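K.L.:
Supplied in structure tokens, the structure appears directly below.
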Amino acid sequence: MGQHAHPTVTPLAISVLALLEERPMHPYEMYQLLIARHEDLLVKVRPGSLYHTVARLAVQELVRSEGVDREGNRPERTTYRITESGREALRSRIAELLRSPAREFPVFPVALAEAHNLPRPDVVALLRERVQKLSEDLAEVAMMCRWAGEHSVPRRFWIVLPYLQATVTAEIAWVENLISELDSDELEWEEFDPVTGARITPDHHHPWATDGHAEPPPVPRRSTKTGASSP
């Protein structure tokens, strides 16, 4: 496969290769299809990044150019076809992602981990806003599920939608429970001056650390074990 023995197949590259597995097409058609199929819910899709991805796949010999065409005064468009190496890379990457949970580092858990830096009322208000937005997302996914069912779209093409429904539903339930704990004072919280916003909790030392504990915290299996020995 040329000089790229182990090509990097990004999420957008997966989408591109999967489209070309259907039939040859040019990048603008790929973009139109991804948007029409709402795959921008799964992958960040921008025309520039898509064209860059196609060019990189061509260098990696995972796709190849089939020729250039022009319609009227429109710019020339290069049509691409997936190669056998591209097909192998696509299937291998899908299998890898299905098999092993990836460390994706979503940003919401970061905000949760540091939410104690905000006053309780602010956190409650912000989480309520999040629930409202998640509920709107959930309604949109449910609408797409209904449309797919009513139009007899084979389920293998939209099994991701029930997955999205389940994950968003679970997050809404979890966040609503957290709001309830904060509202009822069941969850202890740091205190802040209501006028200045300054923290007034006397001890801000983070207890989740090895110092002061007879036994260190457990190290998750997929954690970056910098400076720590494997369990």
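The values are calculated or read from the model by the stated rules, or taken from the named source; none is laboratory data. Since the structure is predicted, the reported quantities are computational estimates derived from the model, not experimental observations. Cβ sites come from the backbone with ideal geometry, for glycine too, and all protein chains shown count toward neighbours. Ligands, DNA and RNA are excluded from the accessible area calculation, which covers all protein heavy atoms including side chains. Shrake-Rupley method; radii C 1.70, N 1.55, O 1.52, S 1.80 Å.
K.L.:
Would you be able to say whether some residue in region 112-126 is touching an Asp or Glu at 6+ places or on another chain (Cβ under 7 Å) and farther than 30 Å from residue 188 by Cα?
P.N.:
So the first thing to find is which residues in region 112-126 are touching an Asp or Glu at 6+ places or on another chain (Cβ under 7 Å), and the list is 116, 124.
Subset that is farther than 30 Å from residue 188 by Cα: none.
Checking region 112-126: not a single residue is touching an Asp or Glu at 6+ places or on another chain (Cβ under 7 Å) and farther than 30 Å from residue 188 by Cα.
K.L.:
Which numbered condition trips up residue 61, out of (1) in contact with a His (Cβ under 9 Å, 6 or more places away or on another chain); (2) modelled with pLDDT of 95 or more; (3) part of a strand (DSSP E or B)?
P.N.:
(3)
K.L.:
Oh, and also: Taking the stated definitions as given, is residue 111 over 30 Å from residue 220 (Cβ atoms) and surrounded by 10 or more Cβ atoms within 10 Å (Cβ to Cβ)?
P.N.:
no
K.L.:
Hey, another quick one. Taking region 38-65 on its own, how many of its residues are among the basic types (Lys, Arg) and exposed (fewer than 15 other Cβ atoms within 10 Å of the Cβ)? Step through it out loud before you land on a result.
P.N.:
Within region 38-65, the subset among the basic types (Lys, Arg) is 44, 46, 56, 64.
Then keep just the ones that are exposed (fewer than 15 other Cβ atoms within 10 Å of the Cβ); that gives 44, 46.
Total satisfying the criteria: 2.
K.L.:
Looking at (1) in a helix (DSSP H, G or I); (2) modelled with pLDDT of 95 or more, find the lone condition where residue 116 falls short.
P.N.:
(2)
K.L.:
Specify which of the listed residues (103, 93) is within 26 Å of residue 164 (Cα to Cα), of a type in the set (Lys, Arg) and modelled with pLDDT of 95 or more.
P.N.:
On the way: 103 fails: modelled with pLDDT of 95 or more.
Of 103, 93, the one residue that is within 26 Å of residue 164 (Cα to Cα), of a type in the set (Lys, Arg) and modelled with pLDDT of 95 or more is 93.
K.L.:
Can you pull out the residues in region 150-201 that are open to solvent by less than 60 Å² (accessible area, probe 1.4 Å) and on the phi > 0 side of the Ramachandran plot?
P.N.:
197
K.L.:
Given the criterion part of a loop (DSSP other than H, G, I, E, B) and open to solvent by 40 Å² or more (accessible area, probe 1.4 Å), identify the matching residue among 88, 104, 136.
P.N.:
Working: 88 fails: part of a loop (DSSP other than H, G, I, E, B); 136 fails: part of a loop (DSSP other than H, G, I, E, B).
The unique qualifying residue is 104.
K.L.:
Also, I was wondering about something else. Restricting to region 66-85, and then to whatever is more than 11 Å from residue 16 (Cα to Cα) and at pLDDT 95 or above, can you tell me which residue is surrounded by the fewest Cβ atoms within 10 Å (Cβ to Cβ)?
P.N.:
Here is the first cut: in region 66-85, the ones more than 11 Å from residue 16 (Cα to Cα) are 66-79, 83-85.
From what's left, at pLDDT 95 or above: 79, 83-85.
Working: 79: 16, 83: 19, 84: 10, 85: 17.
For region 66-85, the residue satisfying everything is 84.
K.L.:
Among residues belonging to region 10-37 that are of a type in the set (Ser, Thr, Tyr) and under 25 Å from residue 67 (Cβ atoms), point out the one that is most open to solvent (accessible area, probe 1.4 Å).
P.N.:
As a first pass, look at region 10-37 and keep what is of a type in the set (Ser, Thr, Tyr): 10, 15, 28, 31.
Retained after the next criterion (residues that are under 25 Å from residue 67 (Cβ atoms)): 15, 28, 31.
On the way: 15: 13, 28: 91, 31: 61 Å².
Residue satisfying both the conditions and the ranking: 28.
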